[in-house]
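The values are calculated or read from the model by the stated rules, or taken from the named source; none is laboratory data. Source: prediction; values computed, not measured. Reconstructed Cβ throughout: ideal geometry from the backbone, glycine too, with neighbour counts over all protein chains shown.
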Amino acid sequence: MFPLQVGHGPTVLHSTHDNLQWATRNLSIQLLPSHYQNGQLVLRCTAEVGALYAESTEAPLGTSRKEPIPERGIYWQ
């Protein structure tokens, strides 16, 4: 199996009106059938600040199809 390749951009810091900060980062990853559980893709986001704070949330994404369905047709060589 090939090693998992994750592409990402820079972390962008944002400030709030009360001098707090939050960060965003864009990630891209090639999805494989092993990323799906029972036909459902689930995105999990986890935030940690040392040992002081940790929170995680999950969001189901997309359709229930496990893999793309190839188009049927006649192919000439």
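Observations on the structure shown:
- Test: residue in the range 49-63 that is at pLDDT below 80 and out of contact with any Lys or Arg (no Cβ under 8 Å at 6 or more places or on another chain): yes
- All positions within the range 9-39 that are in contact (Cβ under 8 Å) with a residue 12 or more places away in the chain, touching a Ser or Thr at 6+ places or on another chain (Cβ under 7 Å) and in a strand (DSSP E or B): Val12, Ala23
- Selection status of Gly7, of a type outside the set (Ser, Thr, Tyr), surrounded by 10 or more Cβ atoms within 10 Å (Cβ to Cβ) and at pLDDT below 85: no
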